[in-house]
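Have a look at the structure below before the remarks.
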Amino acid sequence: MNKFYWNVETLEYFNELKKESEDTISSGAKPGEILFLNKLEEDNLSINRISFFPEVGDFFIFPSTLNHLVNSFQCEGERISISGNLKVK
């Protein structure tokens, strides 16, 4: 059986993005964070989501069926990431 995975590695980000994320008060994901969602609908009885602020060199591998997104940010600059698909036979 083939299994498909998605991966993301952060190569570079700028200090203003880290500061914007740290200064944001939110119960959800903050600017620049990657958010993983177990299911799209809300469920107050279980942990449905988790988010991370990716540091340079972080490498995430997760099933391609896992919903995910990266929150937008307002400050100037860019974050450089590489992403792709892996197929394991």
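The values are calculated or read from the model by the stated rules, or taken from the named source; none is laboratory data. Please read all numbers here as calculations on a predicted model, not as lab measurements. Heads up, the Cβs are rebuilt from the backbone with ideal geometry, glycines too, and the neighbour counts pull from every protein chain shown.
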Result of the Cβ filter at 6 Å on the stretch 8-24, keeping first residues that are closer than 27 Å to Asn85 by Cβ and partners that are part of a helix (DSSP H, G or I) and among the small types (Gly, Ala, Ser), at least 6 apart or interchain, is none
Picked from the stretch 50-63 (must be in a loop (DSSP other than H, G, I, E, B) and on the phi < 0 side of the Ramachandran plot), the residue farthest from the chain's Cα centre (by Cα) is Val56
Regarding the stretch 64-74, can at least one residue be identified that is surrounded by 12 or more Cβ atoms within 10 Å (Cβ to Cβ), at pLDDT below 85, polar (S, T, N, Q) and not in a strand (DSSP E or B)? yes
Note: among Ile61, Ile34, Ile50, Ile25, just one is modelled with pLDDT of 85 or more and under 23 Å from Val88 (Cα atoms), namely Ile61
